[in-house]
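Have a look at the structure below before the remarks.
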Amino acid sequence: MKINTFDIEGPLLIHPRLFEDTRGYFLESYNESKYKEVIGDVHFVQDNISNSLKNVVRGLHYQAPPFAQGKLVSVVQGRVLDVIVDIRRNSDTYGHHLTVELTDEDHAQFWIPPGFAHGFTALEENTVFSYKCTAPYDPSSEGTLRWNDPDLAINWNTAFPIVSEKDQLGELFKNFVSPFE
């Protein structure tokens, strides 16, 4: 397993070991003891899968404590531009964002600890995206930052974004009071 770190502390890009031969490939997508060494003692309680058309933008979503979610995300089919924003008030990188491209070809996984707003753009038709979450979904704890907030200045890598009404109405960062220390 190969691990990449970033200037923003916490998130990790994980490249699981892939075993390929003429029959195809084998990939261990999660092993609790191995991942405990990499991301710490987390307990995943919910798995989610989304399917998106090309140019669908989802996000920027977070859940407030006590239902804050860490997420281990990956692409099962297709390709995404994955985006996170640091919303930890006491972080040196508060308000900074990070983008990574995830594909079904490289099988990389993106660890997003609690304290980050998360979203993505589907860069191919029928993109299947997988999330392992450390807390269950709780509608009363959910928050959304405006995906196209000019203060965040995120390049979503699409000229024709398809965005839900909920995400269109997300909160502007300048008005946001973060629930994260």
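The values are calculated or read from the model by the stated rules, or taken from the named source; none is laboratory data. For clarity, every value in this text was computed on a predicted model and none was experimentally measured. Ideal geometry is used to build each Cβ from the backbone, glycine not excepted, and the neighbour counts take in all protein chains shown.
The set of residues from segment 83-108 being assigned to a strand (DSSP E or B), in contact with an Asp or Glu (Cβ under 7 Å, 6 or more places away or on another chain) and more than 30 Å from GLY24 (Cα to Cα) comprises just one member, ARG88. For VAL80, the requirement of being assigned to a strand (DSSP E or B), among the aliphatic types (A, V, I, L, M), surrounded by 15 or more Cβ atoms within 10 Å (Cβ to Cβ) and touching a residue at least 60 places away in the same chain (Cβ under 8 Å) is not met. Residues that are in a loop (DSSP other than H, G, I, E, B) and of a type in the set (Val, Ile, Thr) were ranked within segment 122-181; the one that is nearest to GLN109 (Cα to Cα) is THR134. The requirement of being buried (at least 19 other Cβ atoms within 10 Å of the Cβ) and either free of Cβ contacts under 8 Å to residues at least 40 places away in the same chain or touching a Lys or Arg at 6+ places or on another chain (Cβ under 6 Å) (or both) is fulfilled nowhere in segment 90-100; no residue meets it. Residue check: TRP111 meets all listed conditions (1) surrounded by 15 or more Cβ atoms within 10 Å (Cβ to Cβ); (2) assigned to a loop (DSSP other than H, G, I, E, B) but one, namely (2). Of all residues in segment 69-99, those being under 12 Å from HIS118 (Cα atoms) and either at pLDDT below 95 or small (Gly, Ala, Ser) (or both) number 1.
Being assigned to a strand (DSSP E or B) and either of a type in the set (D, E, K, R) or crowded, with 17+ Cβ neighbours inside 10 Å (or both), is that true of even one residue in segment 20-32?
The answer is yes; a qualifying residue exists.
Of all residues in segment 42-77, those that are assigned to a loop (DSSP other than H, G, I, E, B) and within 12 Å of the chain's Cα centre (by Cα) total 2. Each residue in segment 39-77 was checked for being crowded, with 17+ Cβ neighbours inside 10 Å, under 27 Å from LYS2 (Cα atoms) and in contact with an Asp or Glu (Cβ under 6 Å, 6 or more places away or on another chain), and 1 pass. Put simply, of GLU105, GLU124 the only residue that is over 14 Å from the mean Cα position of the chain (by Cα), surrounded by 15 or more Cβ atoms within 10 Å (Cβ to Cβ) and either at pLDDT below 95 or more than 17 Å from PHE6 (Cβ to Cβ) (or both) is GLU124.
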